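The values are calculated or read from the model by the stated rules, or taken from the named source; none is laboratory data. Quick caveat: nothing in here was measured; it's all calculated off a predicted structure. Every residue, glycine among them, receives a Cβ derived from its backbone with ideal geometry; neighbour counts consider all protein chains shown. Accessible surface is based on the protein model in full, side chains and every heavy atom, while ligands, DNA and RNA are left aside. Shrake-Rupley method; radii C 1.70, N 1.55, O 1.52, S 1.80 Å.
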Amino acid sequence: MTTPFLSLTWSDHVTGRQGFLVVDRLVRGVSSGGLRMRPGCTLEEVAGLARGMSMKEALHYEPEARYVPLGGAKGGIDCDPRDPEAYGLLVRYLRTMRPYIENFWTTGEDLGLTQDVVERAAAEAGLVSSVQAVYPLLDDEADARRRLADAFAVEVDGIGLDELVGGCGVAESVLTALDRAGVPYWRTRVAVQGLGTMGGATARFLTRAGLTVVAVADIKGTIANPAGLDVESLLAARDAYGTVDRAALRPGDRELPGDAWLAAEAEVLVPAAVSYTIDAANQERITARWIAEAANMPVRPEAEELLAARGVTVLPDVVVNSATNAWWWWTLFGDIGADADQAFAHTRRSMRALMDLALARAEADGTTPRAAAHAIAADRLPVIAERFGWHR
């Protein structure tokens, strides 16, 4: 494991809360990775996420594309985003990190933060944009920024395109695994933890593909129905944090404890909330055949070993949830326009090819999809470095 280019811990002078920034590596002098806000966030967590971002960027490297992968980075703030002090803390964090954001860290929404909140706080902190460090790499900055702004203004069924592409990528990863295994969509049941941006969009795309979502979990608990939930109604009844208004439940829907989604009678589990959700103890409750990591690092390594030993396949976060980040850059660099059809088509093609490659490599090497994805990234990182320079 290499030493990151930059690792720092910041203490807020007002609240005493801590924030973190880890830049794992630079490519062409720039790195990419979102900013999360959650209680209990640690430097170790952020460092792991930054390493993952380096791999996500490398996995999406296509030599002929306009989008050139960046290095990996991540930011984190130890605070509940619902806390009344959270927004002021965010502004002060961004003001402190301004030199890094201006020069080599492009960031955006992640767990606990939405892009509009990040951009509003960034403006208050004196920043042009949360991704301004990448502007010098663009052929036509004004055109690229206009294209990205237009893309963020696109809505599909009342939901922003930026909130949907990540879930489209997760869903396509799941569908690729089902196709390789010869499992029909209509016979596949799904349980989702977290009905925020990523989990909600994933549930929508999987339902529209013909799968049945039988359980969803939010901060209030698990909602389950073995006959299938009305996903669209639940999505319409969410608040800004992905919590479902229980008044929207139908007579056949049951309210269960928060961790009941783990043991749902389903073929696919989608942890789409927090890191470290599945550990060596609770993995014993899982009967699903696949776990698709829509969240970052939801399955602990020791749990993944135990799951693999009993035939449960973990589709790794480094592939599964990488579409949101890639969509930003496909759009900004000009591989796609500010158009939903283009975005979904490009996402589906890219994610299907990448997941298929990882699963095929895992089968050939006799290893897990995560190990295979890491091996593919390790193959590509030197190629990128040779082309663009060996920046840390």
Original post:
Once you charge only the Cβ atoms, +1 for Lys and Arg and -1 for Asp and Glu, what is the size of the charge dipole of the chain about its Cα centre, to the nearest 20 debye?
Top reply: 380
Original post:
For the range 292-386, which chymotrypsin sites (Phe, Trp or Tyr not before Pro) are both in a DSSP coil and crowded by at most 15 other Cβ atoms within 10 Å?
Top reply: none
Original post:
Carbon and sulfur atoms: what percent of the 1.4 Å accessible area of the range 15-98 do they account for?
Top reply: 47
Subject >> Most mobile of Ala308, Ala264, Ala142 in a GNM of the chain (Cα contacts under 10 Å) >> reply: Ala142
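For the range 145-288, give the percent of accessible area contributed by carbon and sulfur heavy atoms, probe 1.4 Å, rounded to a whole number.
Here carbon and sulfur together make up 50 percent of the probe-accessible area.
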Subject >> Radius ratio Rg over Rh of the range 108-207, counting only Cα atoms, Kirkwood formula for Rh >> reply: 1.08
Original post:
Plugging the Kirkwood radius over Cα pairs into Stokes-Einstein for the chain, at a temperature of 37 °C and a viscosity of 0.692 mPa s, what D comes out in µm²/s?
Top reply: 156
Original post:
Among His60, His346, His13, which one moves the most in a GNM of the chain with springs linking Cα atoms closer than 10 Å?
Top reply: His13
**OP:** Apply the Karplus parameterisation 6.51 cos²θ - 1.76 cosθ + 1.60, with θ equal to phi minus 60°, to every residue of the range 139-153 and state each ³J(HN,Hα) to the nearest whole Hz, in sequence, with x for glycine and proline.
**Re:** 5, 9, 4, 4, 5, 5, 5, 5, 4, 5, 4, 4, 5, 5, 7
Original post:
Magnitude of the Cβ-charge dipole of the range 12-98, K/R +1 and D/E -1, about the Cα centre, nearest 20 debye?
Top reply: 240
Original post:
Residue separation times 0.36 nm, minus the C-alpha to C-alpha distance between Val183 and Ala209: what's the value?
Top reply: 8.1 nm
**OP:** Rounded to the nearest 10 degrees, what's the angle between the helix 161-181 long axis and the longest principal axis of the chain, both from Cα atoms, 0 to 90?
**Re:** 50
**OP:** Specify whether the C-alpha gyration tensor of the range 304-392 places it in the rounded, prolate or oblate class, a ≥ b ≥ c being the square roots of the eigenvalues: rounded for a/c under 1.5, otherwise prolate if a/b is larger than b/c and oblate if not.
**Re:** oblate
Original post:
Under a 1.4 Å probe, what is the accessible area of the chain per residue, stated in Å²?
Top reply: 40
Subject >> Loop-located trypsin sites (Lys or Arg not before Pro) in the range 243-340, at most 15 other Cβ atoms within 10 Å (DSSP) >> reply: Arg310
Original post:
Can you work out the FRET efficiency for the pair Phe388 and Arg352, with r the C-beta to C-beta distance and R0 = 30 Å, to the nearest 0.05?
Top reply: 0.65
**OP:** Could you check how much of the accessible area of the range 295-364 is carbon and sulfur, as a whole percent, using a 1.4 Å probe?
**Re:** 51
Original post:
Along the charge dipole of the chain, which of Leu89, Gln193, Ala309 sits closest to the positive end, that is, farthest toward it, with unit charges on the beta carbon of Lys, Arg, Asp and Glu (+1, +1, -1, -1)?
Top reply: Ala309
